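Peer 1: Next up is a structure, given as C-alpha cells.
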Amino acid sequence: MVVVGFHHTPASEHWATTMADQRKRPSPAKASRKPRTDAQKRRRKDLWLARQADRQASAETRYLARYDELKLEMARHGQVIGSLADALAIEDPDHRFEVMKARVERWDAQWSIALRKRDTRGKIALGGALLAELASLDLSASTDRDFHRRLVDLLDRHVLRVRDRLLVRDLLTGATTVETPLPLRPGGQPGEELAEALAAVGERFSSFEQEALAIFVGDPQAEHEAVAFALVAELAEEP
C-alpha cells in the first residue's frame, strides 16, 4: 500500500503564493478607443447644449424669484426696485440671461448695503435718544437713579470688550456729568485702569496706542519720534 503524504500549507503562505501568481499574470490589454464619428460629435455637442440650456433656464428662474423677493422686501420699506421688462423682452437667451443676472445681482448688493446703513442709522438714533434721556436725568430722584443703575447693569452684562466699555462709560459720564460705575471688564473694579483691565483679559496696547498715550502724557521721546516720522513721510511725498 502506498501512503501519499499530505502537505499542509498555512493560510498566510497560500495567500502570499496567490498574490504572487496574480502579480505575474499579464494585465489585460486595454481596448483601443475608436475615434468618434462626426455624427457622434454632433450628438454629444447637442446633448451638452441642451444641458447647458436647462442649467441656464434653472438659474434664470432663481434670479426671477430673487427679484420678486427684493421687490416685496423693498416695498415694505417704501423703496421701489427697477423693472426687468426690457431685459425679459430680449430674444437672445444668452444675452437675456446675462442682463437679468447683472441687474438682479446689482440690486441685491445695493439693497444689502442700504439695509446695513439703515441698521446703523437706527442704532445711532437709539443711542442718541438714550444719551438725551441720560442728560435730562435728575440723579437726586430715586426713579432716575434706579434707571441709571439698571442701564449700567445692562451694559455690564452685554458689553464685553474692554475698549467698548471704556467708550460707553465715557459717553455715559459725559451725558450725566457724573462718574459712571461701569468696570472696564466684566467682574472688574470701577476704578481699574485701562492697562490693568487689558492685562487681566490677556490683551495689550498696540504700538499705535502706546505712542498715542505717550504723546498724550507728554513723553518727550515719543513726541520726538512722532515729529521725525511726520518729517520722513513729508519728504517721501516730495517729487
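Peer 1: Suppose we filter the stretch 126-150 for residues that are under 34 Å from the mean Cα position of the chain (by Cα) and not in a helix (DSSP H, G or I); how many remain?
Peer 2: 0
Peer 1: Given the condition within 29 Å of the chain's Cα centre (by Cα) and more than 26 Å from ARG118 (Cα to Cα), answer yes or no: does some residue in the stretch 79-88 qualify?
Peer 2: At the first step, the residues of the stretch 79-88 found to be within 29 Å of the chain's Cα centre (by Cα) are 79-82.
Narrowing further to those that are more than 26 Å from ARG118 (Cα to Cα): none.
Checked against the condition, which is being within 29 Å of the chain's Cα centre (by Cα) and more than 26 Å from ARG118 (Cα to Cα), the stretch 79-88 yields no hits at all.
Residue-by-condition table, conditions (1) within 21 Å of GLY127 (Cβ to Cβ); (2) touching a His at 6+ places or on another chain (Cβ under 7 Å); (3) of a type in the set (Lys, Arg):
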{"position": "ASP144", "(1), (2), (3)": "yes, no, no"}
{"position": "ARG149", "(1), (2), (3)": "yes, no, yes"}
{"position": "HIS158", "(1), (2), (3)": "yes, no, no"}
{"position": "LEU167", "(1), (2), (3)": "yes, no, no"}
{"position": "GLY174", "(1), (2), (3)": "yes, no, no"}
{"position": "THR180", "(1), (2), (3)": "yes, no, no"}
{"position": "ALA200", "(1), (2), (3)": "no, no, no"}
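Condition check ((1) small (Gly, Ala, Ser); (2) over 30 Å from ALA197 (Cα atoms)) across all residues:
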| residue | (1), (2) |
| --- | --- |
| LEU70 | no, yes |
| ALA85 | yes, yes |
| ASP108 | no, yes |
| ARG118 | no, yes |
| GLY128 | yes, no |
| ASP144 | no, no |
| HIS148 | no, no |
| ARG157 | no, no |
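Peer 1: Does any residue of the stretch 92-114 turn out to be in the same structural domain as THR61 (by TED's automatic domain parsing) and in a loop (DSSP other than H, G, I, E, B)?
Peer 2: Within the stretch 92-114, one or more residues are in the same structural domain as THR61 (by TED's automatic domain parsing) and in a loop (DSSP other than H, G, I, E, B).
Peer 1: Right, ARG66: surrounded by 11 or more Cβ atoms within 10 Å (Cβ to Cβ), modelled with pLDDT under 75 and of a type in the set (D, E, K, R) or not?
Peer 2: Working: surrounded by 11 or more Cβ atoms within 10 Å (Cβ to Cβ): yes; modelled with pLDDT under 75: no; of a type in the set (D, E, K, R): yes.
Judged against the criteria, ARG66 is not a match.
Peer 1: Is it the case, given these coordinates, that THR180 is in contact with a helix residue (DSSP H, G or I) (Cβ under 9 Å, 6 or more places away or on another chain) and modelled with pLDDT under 85? Reasoning before the result, please.
Peer 2: Values: in contact with a helix residue (DSSP H, G or I) (Cβ under 9 Å, 6 or more places away or on another chain): yes; modelled with pLDDT under 85: yes.
The answer is yes for THR180.
Peer 1: Could you grab me the full set of residues in the stretch 165-191 that are of a type in the set (Lys, Arg) and assigned to a loop (DSSP other than H, G, I, E, B)?
Peer 2: Applying the first criterion (of a type in the set (Lys, Arg)) to the stretch 165-191 yields 165, 169, 185.
Once the filter is applied, which keeps residues that are of a type in the set (Lys, Arg) and assigned to a loop (DSSP other than H, G, I, E, B), the stretch 165-191 yields only ARG185.
Peer 1: Would you pick out the residues in the stretch 151-164 that are assigned to a helix (DSSP H, G or I), farther than 21 Å from LEU139 by Cβ and not acidic (Asp, Glu)?
Peer 2: Step one: of the stretch 151-164, the residues assigned to a helix (DSSP H, G or I) are 151-158, 162-164.
Next cut, farther than 21 Å from LEU139 by Cβ only: 157-158, 162-164.
Result: ARG157, HIS158, VAL162, ARG163.
Peer 1: Cβ-Cβ below 6 Å, separation at least six or inter-chain, first residue in the stretch 119-146 and surrounded by 10 or more Cβ atoms within 10 Å (Cβ to Cβ), second small (Gly, Ala, Ser): which pairs?
Peer 2: Cβ pairs passing all conditions: LEU131/ALA175; LEU134/ALA175; ALA135/ALA175.
The values are calculated or read from the model by the stated rules, or taken from the named source; none is laboratory data. Remember, it's a predicted structure, so these values are computed and weren't measured experimentally. Don't worry about glycine lacking a Cβ; one is built from the backbone with ideal geometry, like all the others, and counts go over all protein chains shown.
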